[in-house]
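Take a look at the structure set out below.
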Amino acid sequence: MSAQPLQPTGVVPEARRDPMPPALLGVILFVASECVFFAALFGAYFTVRAQATVWPPKGISEGLHPLPLPAIATGMLVLSSFTMQLAVQAIRMGDRRTMLRFLQLTLLLGAIFLGMQGYDYAHLGFSIHDTVFGTTFFTMTGFHGAHVAGGLVFIYLMLARGWGGQITKENHYALEACAIYWHFVDIVWLGLFSTLYILK
């Protein structure tokens, strides 16, 4: 029998990395596909804007809410992204109670944002049928609102699993996936807010 080669002294065997959980990989791929979807919407918006002689069309600027209202809603959504990350950090340290508190706060902030968007819709001075700006405005913000609503359902499911003790320091990939999705929703809105309310 041939002798097995001895490992040189002082050499540490390379640590074996665990494969990425399928659920986490699935959310990353989904977010990547949604990036393409929203990129297409932004591309359509800027194409129409570049071809227009007057932008926004006459009467649209007066129909938009003053900047403070959408800015406050934006602040709520940005803050919710921070609270979501704090929830992730808490469970990484094994603090389930703090995780649950930050998840509840994230859910509340996201719901307030969605409520403010609904209020904005109800009081705008134009509709989806009023000029190409109205169509693109409601299409882009409407799809984003649907993603926020989906994110709130996702967060509630994480809360339910957290209450049931299913999210732990050793197994919290589902919460990591939820955080990735929620940060994506936040980043998309910053682009929409800048484009539709500031740049117009």
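Here, each number is a calculation from the coordinates, and none is a lab measurement. Because the structure is a prediction, the values reported are computed rather than measured. Glycine gets a Cβ as well: all are built from the backbone with ideal geometry, and neighbour counts include every protein chain shown.
Results, tabulated for the structure shown:
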| read-out | value |
| --- | --- |
| FRET efficiency, Val153 to Val48 (Cβ-Cβ, R0 41 Å, nearest 0.05) | 0.80 |
| Within a Gaussian network of the chain (alpha carbon springs, distance under 10 Å), most fluctuating of Thr47, Thr136, Thr98 | Thr47 |
| Sorted largest first, extent of the chain alpha carbons per principal axis (Å) | 88, 40, 24 |
| Distance (nanometres) between label positions extended 7 Å along Cα→Cβ at Tyr121 and Ile198 | 2.5 |
| Sum of side-chain charges, Ile167 neighbourhood, beta-carbon under 13 Å (Lys, Arg +1; Asp, Glu -1) | +2 |
| Net length gained if the chain between Gln85 and Trp163 were fully extended (0.36 nm per residue, minus Cα distance) | 26.2 nm |
| Ranked packing of 100-107, 122-129, 86-93, most packed first, by mean Cβ within 10 Å | 100-107, 86-93, 122-129 |
